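Worksheet: the structure to be examined is printed underneath.
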C-alpha cells in the first residue's frame with residue numbers, strides 16, 4: 001500500500017484536516033454513512049450510480065477506502081438492486097386477439113456509436 005505524502009495533508013481553519021484540498025472525514029459516529037445517505041437521497045443527485053456518486057463526493061470529501069465504501073453502500077440499496085440487470089429473458093405468451101397484451105423489451109448497456 002502506498003503511503004500518502006505528508007505534504008498532501010493540510011490543516012485549515014477550525015482545525016479541519018484536508019487532503020489535497022478535500023475535507024478528511026473521520027470514521028466516527030457513522031459520519032461517513034450519513035454523508036453517503038445524504039448524497040444518495042439528495043434532490044440534485046437524480047439517483048446516481050456508484051461511479052457518479054464517487055466522482056461527485058471526491059471533489060469535496062476524502063477518506064481511505066472511499067470508493068469501496070460507496071460501492072458497498074450502493075450494493076445495499078434496494079432501488080439500485082432492482083435497477084441492476086436481472087436474469088434471463090422470459091418467454092412471452094402469444095395473444096389470441098390483437099392488442100390483448102402489449103409487451104416491451106428494454107435493452108440497456110449498449111456501446112456508444114459515436
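Annotations for the structure displayed:
- Flag if residue 37 is at pLDDT 85 or above and within 11 Å of the chain's Cα centre (by Cα): yes
- Residue count for segment 42-76, restricted to those that are outside any helix (DSSP H, G or I) and at pLDDT 90 or above: 7.
- First in segment 46-75 and on the phi > 0 side of the Ramachandran plot and buried (at least 17 other Cβ atoms within 10 Å of the Cβ), second anywhere and part of a helix (DSSP H, G or I) and modelled with pLDDT under 90, Cβ under 8 Å, 6 or more apart: none
- Residue within segment 77-98 that is assigned to a helix (DSSP H, G or I) and modelled with pLDDT of 85 or more present: no
The values are calculated or read from the model by the stated rules, or taken from the named source; none is laboratory data. Keep in mind that what you see is a predicted model, and the values were worked out from it rather than measured. So basically every Cβ, Gly included, is an ideal-geometry build from the backbone, and we count neighbours across all protein chains shown.
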